[in-house]
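Novice: The following block contains the structure, expressed as structure tokens.
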Amino acid sequence: MSQILPVVHILSKVLMLFSAAFLLPLAISLGLADGAYRVYDEAIVATFVSGVVLWLFSRRGKRELQTRDGFLLVVMIWAILPLYSAIPLLAYLPDLSFTDAYFEAVSGLTATGATVLSGLDSLPPSINVWRTEMHWIGGMGVIVLVVAVLPMLGVGGRQLFKAETPTPMKDSKLTPRMAETAKGLWLVYAIITVFCILALWAGGMSWVDALVHAFSVMSLGGMSSHDASLGYFDSATLEIIVMVFALIAGISFSTHFMAFRMRNLQAYRFDTEIRWTFGVLGASILGLTAYLLYKGFYLDFPEALRFASFHTISVALTLGFSTTDYNAWPFFAPLFMLFLSSFIAGSGSTGGGIKMLRAVLLYKQVYRELIKLVHPSAAVHTKLGAQSVPNKITYAVLAFLFIYVASIITLSFILAASGLDVFTAFTAVVAMVNNTGPGLGQVGPTSTYAVLTDFQIWVCSFAMLLGRLEFFTLLVVLTPVFWRK
Amino acid sequence: MQRLAPILHVLGLVILIFSFTMLAPLLTALFAQDAAQFAFDESFAVTLIAGFALWLVGRRWRRELKVRDGFLLVLLVWTGLPAFATLPFLIYAPQMGFTDAYFETISALTTTGATVMSGLDALPPSLNLWRHLLNWLGGMGIIVLAVAILPLLGVGGRQLLKAELPGPIKDSKLTPRIADTAKLLWAMYAALTALCVLALKWAGMSWFDAVCHAFAALSLGGFSTHDSSVGYFDSPLIEAVLIVFMLLAALNFVTHFLAFRQRSLAAYRHDPEVRGVLGLVLASCLGISLYVWQAGVYPEFLTALRYVSFNLVSIATDCGFASTDFNSWPMFAPMWMLFLSCVTASSGSTGGGLKMIRAVLMVRQGVRELEHQLHPAARLPVKIGGHAVPNQIVFAIQAFVMMYIATVVTMTLVLLASGLDFISAFSAVIACINNAGPGLNEVGPGTNYAGLSDFQTWALAFTMLLGRLELFTVFVLFTRAFWRG
């Protein structure tokens with residue numbers, strides 16, 4: 001118990017703070033008189049009161065947090081905030097089961113974008129704002145998580161990125177400089193979001209739609225206020241705006257922060273990932289365009305290019321917007337996009353998957369092993385940029401990849417055993433673990449996750465958390481060793 | 001030329017020896033008075049002359065082979081022999097085409113067992129014998145490859161197995177003790193095959209069928225003389241005999257050899273893989289039988305157990321016999337069997353895939369990384385059978401497993417792009433890279449690989465080769481470092 005109390009203490013503060021998040025949909029609800037304002041009242045009260053109760057209850061256990069507490073704290077925050085986030089949904093939609101509401105909230109806060117709701121267009125605007133605000137808040141959480149918290153916990157070779165954070169950090173204590181790092185990154189995130197809102201509004205969206213979609217894009221979440229997603233607007237201008245901001249969100253926010261602070265673009269040149277991300281995306285877009293034309297699915301080049309580029313960027317960066325039912329494309333195309341989604345996003349971005357940096361490291365490591373076969377006694381170093389990567393980190397990254405693949409296989413089997421067809425099961429798991437959103441088959445871009453059984457929904461919720469918390473964080477807490485003294 | 005000639009010299013010798021194996025089907029043809037006799041006459045002559053010519057040409061550059069030459073030699077042997085092995089098929093049935101014939105012989109020599117031929121029951125016995133003999137010879141090749149050559153080349157952490165060999169092996173030269181080791185293991189292999197022939201005959205097969213199926217079972221090839229494979233006999237006794245011998249063939253032949261020499265079963269207890277193989281197979285048999293029975297495919301549990309255990313053992317050990325169309329079982333069952341085929345076979349066996357030892361190591365390494373998260377400073381060795389495994393080998397194995405996964409993903413995408421459906425493409429790649437045989441759907445146990453396009457057939461032939469030569473042996477030839485200096 002003494003182990004949990006200090007963690008609960010922090011959690012209680014987070015809850016109190018989180019209750020303020022409901023003010024935005026409340027204000028919008030009151031402003032537009034959409035009739036849903038009551039549910040936010042309830043949510044604010046419930047969240048704040050539980051925060052206070054927990055705070056009082058855990059006050060005596062207060063102490064400095066250790067690394068080990070960090071794992072528990074991260075897991076608890078990400079598993080418990082969705083409970084409170086689900087309140088407005090449950091209160092406004094009495095037909096929604098708890099399972100589905102929790103799924104929707106987890107999907108929101110992990111910036112996945114998978115939904116069980118349909119008839120989005122007729123929902124009160126404030127509910128839609130809340131759904132995507134969860135994305136946005138989740139995005140803030142992810143940025144701190146991947147830039148400040150996980151490197152400190154040493155998850156999956158994240159130590160590598162310590163060097164990239166603006167200031168040096170101590171290894172043993174959790175709190176010291178995290179707050180400062182976080183503030184800087186959030187400022188950048190917020191500023192870019194404001195630009196995105198303005199751009200979408202200028203591109204022809206209403207204020208509310210612009211707000212909703214900017215939240216969604218910047219966090220690479222993917223929920224929308226329309227059942228037809230971005231296809232509702234059918235506007236090439238809006239698609240281009242979304243693509244640009246999705247690409248920005250797919251780059252590490254520490255790089256943005258550096259560029260912002262130094263007031264020049266140098267920082268982008270030094271970021272190894274950008275070149276790879278843009279290179280692979282560019283080649284894939286051209287390839288898929290050619291493929292769709294060759295298969296005769298689209299007849300003219302501009303049309304094929306428009307659809308291929310939008311969906312490749314949207315799915316690969318784990319956003320998940322769609323403008324057409326790409327499930328109907330020849331299977332290679334959507335599967336390839338799903339494949340890209342597992343590694344394209346940058347390591348300090350709001351996107352999911354294994355991240356470009358790990359993929360590059362993997363590639364270099366395999367190449368190194370090949371060279372070693374030819375020259376068994378040569379000492380070959382893995383290099384990233386100009387820096388050589390210590391073996392320990394390469395190790396951790398490889399173990400991370402193994403856990404990633406093993407998780408996908410295991411979860412696919414669980415879904416398949418529960419009666420889902422293999423194709424749907426596999427694509428759903430990949431979409432969940434990468435926090436992309438839509439899968440293929442029964443959970444494709446034009447349908448929702450509502451077709452799944454309760455058990456399958458819970459498995460999917462777990463998969464989203466697993467992916468977002470980079471596997472180790474969640475799995476460590478589930479091992480008996482963790483709870484031993 | 002100076003680099004290649006000594007290798008060609010050895011290759012010539014191998015082809016020369018190989019030509020004599022054609023005498024067995026030739027004698028069969030003479031004895032059975034079947035229609036394929038002329039095919040073997042000519043094939044024998046062509047192969048003999050080609051081998052002799054190569055040997056003669058290369059003789060002037062004769063020298064001791066280096067480790068590096070080993071990669072090229074192994075690849076040339078495994079691509080060259082199938083080319084000559086196609087001759088009897090091409091001469092007897094020219095309409096078959098080189099693509100299909102080459103696929104069939106690659107499949108035979110890599111002991112995959114995927115076939116493009118139907119109407120097997122009506123084929124001349126000599127041709128059927130040839131297919132099965134190729135299986136058996138392939139198995140011999142694999143034993144040497146796995147126990148003597150790959151460890152020497154250091155492919156994918158194979159060094160690990162060096163310790164298990166009966167005698168010490170020098171690191172720089174290829175030939176010295178390979179021959180000795182090989183002879184002992186081949187004797188073991190031949191003895192087990194003879195036992196299998198007798199057991200099958202006793203169980204009710206004709207002598208011819210017994211020989212053919214024994215060849216296919218011990219090499220874990222999986223060819224049959226009947227279109228409906230082992231289902232043709234519909235005999236629980238035959239199935240039981242085959243299960244036993246398939247499991248024996250899936251264990252390390254070095255362990256068999258040690259047990260034989262020491263006249264005790266202690267060797268099996270000390271083998272770190274045996275427990276994994278048998279435990280996994282047994283648990284899966286029971287689990288999947290229950291699952292299939294619950295799903296109502298078979299009315300009685302025992303019937304389910306009979307069909308599941310035969311087909312599951314056959315796929316898991318990478319043999320590939322079928323006694324029923326397991327494609328029609330609920331998808332989870334065949335997918336699980338394919339998954340088993342990736343990990344079940346032991347490292348010194350004739351089976352394919354990642355091998356049990358690598359799977360065990362990967363799991364241990366994953367657990368170690370989890371513990372590392374909690375105790376970052378602790379030194380935790382990965383242990384196999386009581387010995388700590390050097391980090392360098394763990395590294396090599398991780399790289400191998402990643403390469404394996406990357407290859408499966410890439411080849412699946414290639415097949416998808418060429419127009420195959422997802423399940424067929426994915427299962428065909430898994431079945432071919434593991435050298436198991438039948439996949440699912442269009443390449444399932446109820447059908448064969450004849451329905452694929454030429455391009456797809458070549459892609460899968462390449463995949464079988466990749467799997468058999470443990471990826472790195474092939475990929476290393478694509479690096480610049482290999483050809484330099």
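Novice: Considering region B:380-403 alone, what residues qualify as being more than 10 Å from every other protein chain (Cβ to nearest Cβ) and either at negative phi or of a type in the set (Lys, Arg) (or both)?
Specialist: Of all residues in region B:380-403, those more than 10 Å from every other protein chain (Cβ to nearest Cβ) come to B:380-390, B:393.
Correct list: B:LEU380, B:PRO381, B:VAL382, B:LYS383, B:ILE384, B:HIS387, B:ALA388, B:VAL389, B:PRO390, B:ILE393.
Novice: Shifting gears a bit: Which residues, counting only those in region B:315-335, are more than 14 Å from B:VAL443 (Cα to Cα) and surrounded by fewer than 21 Cβ atoms within 10 Å (Cβ to Cβ)?
Specialist: Of everything in region B:315-335, those that are more than 14 Å from B:VAL443 (Cα to Cα) and surrounded by fewer than 21 Cβ atoms within 10 Å (Cβ to Cβ) turn out to be B:PRO330, B:MET331.
Novice: Go through (1) within 10 Å of another protein chain (Cβ to nearest Cβ); (2) farther than 30 Å from A:TYR326 by Cα; (3) free of Cβ contacts under 8 Å to residues at least 40 places away in the same chain; (4) of a type in the set (Val, Ile, Thr) one by one and return the number of the condition A:VAL422 breaks.
Specialist: (2)
One line per residue, one yes/no per condition, for (1) hydroxyl-bearing (Ser, Thr, Tyr); (2) surrounded by fewer than 19 Cβ atoms within 10 Å (Cβ to Cβ):
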residue: B:TRP458; (1), (2): no, yes
residue: B:GLY467; (1), (2): no, no
residue: B:VAL476; (1), (2): no, no
residue: B:THR479; (1), (2): yes, yes
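Novice: Where the second residue is surrounded by fewer than 17 Cβ atoms within 10 Å (Cβ to Cβ) and acidic (Asp, Glu) and the first is at the interface with chain A (Cβ under 9 Å from one of its Cβ atoms) and lies in region B:364-379, which pairs have Cβ atoms under 9 Å and are six or more apart or on separate chains?
Specialist: From residues that are at the interface with chain A (Cβ under 9 Å from one of its Cβ atoms), the pairs are B:PRO376/A:ASP171.
Novice: Oh, and also: Considering (1) among the small types (Gly, Ala, Ser); (2) under 16 Å from A:ARG131 (Cα atoms); (3) surrounded by 14 or more Cβ atoms within 10 Å (Cβ to Cβ), say which one A:ALA20 fails and leave the rest.
Specialist: If we test A:ALA20 against (1) among the small types (Gly, Ala, Ser); (2) under 16 Å from A:ARG131 (Cα atoms); (3) surrounded by 14 or more Cβ atoms within 10 Å (Cβ to Cβ), just (3) comes out false.
Novice: Go through region B:9-30 and give me each residue that's free of Cβ contacts under 8 Å to residues at least 60 places away in the same chain and over 17 Å from B:TYR92 (Cβ atoms).
Specialist: Answer for region B:9-30, where residues must be free of Cβ contacts under 8 Å to residues at least 60 places away in the same chain and over 17 Å from B:TYR92 (Cβ atoms): B:HIS9, B:GLY12, B:LEU13, B:LEU16, B:ILE17, B:PHE20.
Novice: State all residues of region B:413-463 that are within 12 Å of chain A (Cβ to nearest Cβ), assigned to a loop (DSSP other than H, G, I, E, B) and over 22 Å from B:ALA216 (Cα atoms); if no residue qualifies, say none.
Specialist: B:SER418, B:GLY419, B:LEU420, B:ASP421
Novice: Out of all the residues in region A:365-397, which are of a type in the set (A, V, I, L, M) and more than 8 Å from every other protein chain (Cβ to nearest Cβ)?
Specialist: The answer is A:ALA378, A:ALA379, A:VAL380, A:LEU384, A:ALA386, A:VAL389, A:ILE393, A:VAL397.
Novice: I've got another one for you. Of the numbered conditions (1) at pLDDT 90 or above; (2) over 27 Å from B:LEU129 (Cα atoms); (3) in contact with a Lys or Arg (Cβ under 9 Å, 6 or more places away or on another chain), B:GLY12 satisfies every one except a single condition; which is it?
Specialist: Status for B:GLY12: all satisfied but (2).
Novice: OK, next. Would you pick out the residues in region B:54-105 that are outside any helix (DSSP H, G or I) and crowded, with 18+ Cβ neighbours inside 10 Å?
Specialist: B:THR86
Novice: Separate question: From the list A:VAL142, A:VAL146, A:VAL106, A:VAL155, which residue is modelled with pLDDT of 95 or more and within 22 Å of the chain's Cα centre (by Cα)?
Specialist: Result: A:VAL106 is the single residue among A:VAL142, A:VAL146, A:VAL106, A:VAL155 that is modelled with pLDDT of 95 or more and within 22 Å of the chain's Cα centre (by Cα).
Novice: If you don't mind, another one. Let me confirm something: among B:ASN252, B:ASN327, which residue is more than 14 Å from chain A (Cβ to nearest Cβ), in contact (Cβ under 8 Å) with a residue 12 or more places away in the chain and of a type outside the set (Ser, Thr, Tyr)? Break it down into steps so the answer makes sense when it comes.
Specialist: Working: B:ASN327 fails: more than 14 Å from chain A (Cβ to nearest Cβ).
It is B:ASN252.
Novice: Same structure again: Checking the structure you have, find out if any residue of region B:158-181 is within 14 Å of chain A (Cβ to nearest Cβ), at pLDDT below 75, under 17 Å from the mean Cα position of the chain (by Cα) and under 29 Å from B:ILE315 (Cβ atoms).
Specialist: yes
Novice: Just to verify a result, which residue in region A:335-346, among those that are at the interface with chain B (Cβ under 10 Å from one of its Cβ atoms) and assigned to a helix (DSSP H, G or I), is surrounded by the fewest Cβ atoms within 10 Å (Cβ to Cβ)?
Specialist: Across region A:335-346, the extreme among qualifying residues is A:PHE339.
Each row is one residue, and each column tells you yes or no for (1) assigned to a helix (DSSP H, G or I); (2) of a type in the set (Val, Ile, Thr); (3) at pLDDT below 90; (4) more than 22 Å from B:PRO125 (Cα to Cα).
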| position | (1), (2), (3), (4) |
| --- | --- |
| B:PHE18 | yes, no, no, no |
| B:ALA29 | yes, no, no, no |
| B:ALA35 | no, no, yes, no |
| B:VAL46 | yes, yes, no, no |
| B:ILE49 | yes, yes, no, yes |
| B:PHE52 | yes, no, no, yes |
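Novice: Give the residues of region A:469-485 that are in contact with a Leu (Cβ under 8 Å, 6 or more places away or on another chain) and either at the interface with chain B (Cβ under 9 Å from one of its Cβ atoms) or of a type in the set (Lys, Arg) (or both), sorted by residue number.
Specialist: Residues satisfying the conditions are A:PHE472, A:THR473, A:LEU475, A:VAL476, A:THR479, A:VAL481, A:PHE482.
Novice: Moving to a separate point now. Listed residues A:SER412, A:SER349; which is closer than 26 Å to A:GLY439 by Cα and either within 14 Å of another protein chain (Cβ to nearest Cβ) or of a type outside the set (Gly, Ala, Ser) (or both)?
Specialist: Numbers: A:SER349 fails: either within 14 Å of another protein chain (Cβ to nearest Cβ) or of a type outside the set (Gly, Ala, Ser) (or both).
Of the residues listed, the single one that is closer than 26 Å to A:GLY439 by Cα and either within 14 Å of another protein chain (Cβ to nearest Cβ) or of a type outside the set (Gly, Ala, Ser) (or both) is A:SER412.
Novice: Filtering region A:192-227 down to residues that are surrounded by fewer than 21 Cβ atoms within 10 Å (Cβ to Cβ), of a type outside the set (Asp, Glu) and touching a residue at least 60 places away in the same chain (Cβ under 8 Å), which residue is farthest from A:VAL149 (Cα to Cα)?
Specialist: A:HIS226
Novice: Report yes if A:ALA431 is at pLDDT 90 or above, away from every other protein chain (no Cβ under 11 Å) and either within 21 Å of A:LEU96 (Cα to Cα) or assigned to a helix (DSSP H, G or I) (or both), otherwise no.
Specialist: Judged against the criteria, A:ALA431 is a match.
Novice: Hey, another quick one. Quick check: anything in region A:313-323 under 18 Å from A:THR446 (Cα atoms) and surrounded by fewer than 24 Cβ atoms within 10 Å (Cβ to Cβ)?
Specialist: Scanning region A:313-323, I find at least one residue that is under 18 Å from A:THR446 (Cα atoms) and surrounded by fewer than 24 Cβ atoms within 10 Å (Cβ to Cβ), so the answer is yes.
Novice: If A:PRO330 satisfies all but one of (1) within 10 Å of another protein chain (Cβ to nearest Cβ); (2) part of a loop (DSSP other than H, G, I, E, B); (3) out of contact with any Phe, Trp or Tyr (no Cβ under 7 Å at 6 or more places or on another chain), what's the number of the condition it fails?
Specialist: (3)
Novice: Now, a different point. Take the conditions within 28 Å of B:TYR449 (Cβ to Cβ), crowded, with 24+ Cβ neighbours inside 10 Å, among the hydroxyl-bearing types (Ser, Thr, Tyr) and in contact (Cβ under 8 Å) with a residue 60 or more places away in the chain and apply them to B:THR344. Does it pass?
Specialist: The answer is yes for B:THR344.
Novice: Can you name every residue in region B:22-47 that is crowded, with 18+ Cβ neighbours inside 10 Å and closer than 14 Å to B:THR86 by Cα?
Specialist: Hits for region B:22-47 are B:MET22, B:PRO25, B:ALA36, B:ALA39, B:PHE40, B:SER43, B:PHE44, B:THR47.
Novice: Can you tell me which of (1) of a type in the set (Val, Ile, Thr); (2) over 24 Å from B:TRP329 (Cβ atoms); (3) assigned to a helix (DSSP H, G or I) is the one A:THR436 doesn't meet?
Specialist: Condition not satisfied by A:THR436: (3).
Novice: Now, a different point. Kindly indicate whether A:SER224 is part of a loop (DSSP other than H, G, I, E, B) and either at positive phi or modelled with pLDDT under 95 (or both).
Specialist: Here the answer is yes, as A:SER224 does meet what is asked.
Novice: A further question follows. Being buried (at least 20 other Cβ atoms within 10 Å of the Cβ), closer than 30 Å to B:HIS375 by Cβ, touching a helix residue (DSSP H, G or I) at 6+ places or on another chain (Cβ under 9 Å) and small (Gly, Ala, Ser) is the requirement here; does A:GLY51 meet it?
Specialist: Details: buried (at least 20 other Cβ atoms within 10 Å of the Cβ): yes; closer than 30 Å to B:HIS375 by Cβ: no; touching a helix residue (DSSP H, G or I) at 6+ places or on another chain (Cβ under 9 Å): yes; small (Gly, Ala, Ser): yes.
So A:GLY51 does not fit the description; no.
The values are calculated or read from the model by the stated rules, or taken from the named source; none is laboratory data. All figures in this text were calculated on a predicted structure; none of them were measured in a lab. Here the Cβ is made from the backbone with ideal geometry for all residues, glycine too, and neighbour counts use every protein chain on show.
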